[in-house]
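One structure is given below, encoded as structure tokens.
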Amino acid sequence: NTAYSSMLPKEVQNAYFMLMLPNKDDKDCRLVVQIAATGDNAYNTREYLAKQLIHKNIGSLILMHYKNIGSLILMHPYYGTRKPHDQFGTCCNTLTDFVLGGFTAVCEVWSILRWLRRDFGHNGPLGCTGISQGGALSINTGLIAPFPIAVCALMPAHSAQPVLQGALGTQVEWDTLAEHGNLAGVHEAKQKVDKLLEYTNIRNYLHWGKEPVSCVVLSALHDKFVPESASNTLIHYLKQAKNFTHMENAWLSGGHVSSFLLHCSTYVTAIEKSFSTLAEKCVTKETKKLKWSKSNSIL
């Protein structure tokens, strides 16, 4: 019930999520909020990851961790049950909707993290993770986290600019944008969009954070959606984020889709590592003092 929520279509205003815990009423486990990738219109893919986080499969064995990782899977704004009635599929009707969807998701994850701690009564470590768009939004959440959290991002970019101007640019009706905006052709329309998407650049928010964050970033060597230059720019920026007290990155030998399919176990390990370094290098339970650590180690 805010002025901001009134800007959103009615279908988008209410958030929906799936909560998966290692054990019923387990409020001491590590718990990660999963943010959707572009086009992730349901819970299925992230539910699969959630099961891997609860039970780590090695060969034919299922090893039960002494402290498993639960998941809260957020339905993304403008997707699935939150899709406006006049929207076809997962493609937003306008670029403004696209930007609003990401901003809304970050605000919601921030609120969910606070709700989990204050109202739900979860005592265990909290974090957020996501693939592609979800990874970038996880990092944005880390930059404004209400308390220390773990962040793990798979194939994120530093901004939506290189993605929409690249592989996903085919989903944009550039001629229509130019016509409706009274612009002199597609080139000018792309320049206007580039300026709009500058608001998604994490460079703008590097110094907002106050709470320590442990972050692990996984990038793909053969990614056609998130170019290598965008991955390197992201890593360069995160080293400057004052509240990212531990940050490391690794490269996967795959593309934008195959990296998740072929390296899911590595992704699970990276999420686990973001939590372990949060406890070991960012905040000590005894003193609550920060331990500043920057790392570029490979998983």
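The values are calculated or read from the model by the stated rules, or taken from the named source; none is laboratory data. These numbers come from a predicted model, not from an experiment. Every residue, glycine as well, gets a Cβ built from its backbone with ideal geometry; the counts of neighbours run over all protein chains shown. Side chains are part of the model used for accessible areas, which takes the heavy atoms of the whole protein and leaves out ligands, DNA and RNA. Shrake-Rupley method; radii C 1.70, N 1.55, O 1.52, S 1.80 Å.
Computed quantities for the displayed model
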| item | result |
| --- | --- |
| Members of the stretch 84-114 that are open to solvent by less than 50 Å² (accessible area, probe 1.4 Å) and not in a helix (DSSP H, G or I) | Pro84, Gln87, Gly89, Thr90, Cys92 |
| Residue in the stretch 197-209 that is in contact with a His (Cβ under 6 Å, 6 or more places away or on another chain) and either of a type in the set (D, E, K, R) or under 23 Å from Leu262 (Cα atoms) (or both) present | no |
| Residue match in the stretch 23-37 (condition: more than 15 Å from Phe260 (Cβ to Cβ), surrounded by 17 or more Cβ atoms within 10 Å (Cβ to Cβ) and free of Cβ contacts under 8 Å to residues at least 40 places away in the same chain) | no |
| Checking His256 against (1) assigned to a loop (DSSP other than H, G, I, E, B); (2) under 16 Å from the mean Cα position of the chain (by Cα); (3) free of Cβ contacts under 8 Å to residues at least 60 places away in the same chain, the condition it does not meet | (3) |
| Of residues in the stretch 238-269 being under 14 Å from Leu218 (Cβ atoms) and small (Gly, Ala, Ser), the one surrounded by the most Cβ atoms within 10 Å (Cβ to Cβ) | Ser259 |
| Qualifying residues in the stretch 222-235 (those that are surrounded by fewer than 18 Cβ atoms within 10 Å (Cβ to Cβ) and at pLDDT 95 or above) - the one farthest from Thr170 (Cα to Cα) | Ile235 |
| Checking Leu183 against (1) in a loop (DSSP other than H, G, I, E, B); (2) in contact (Cβ under 8 Å) with a residue 24 or more places away in the chain; (3) open to solvent by less than 60 Å² (accessible area, probe 1.4 Å), the condition it does not meet | (2) |
| Selection within the stretch 1-43 - assigned to a loop (DSSP other than H, G, I, E, B), out of contact with any Cys (no Cβ under 7 Å at 6 or more places or on another chain) and over 28 Å from Cys91 (Cβ atoms) | Asn1, Asn23, Lys24, Asp25, Asp26, Lys27, Asp28, Cys29 |
| Number of the exception - Lys210 against (1) farther than 20 Å from Gln34 by Cβ; (2) in a helix (DSSP H, G or I) | (2) |
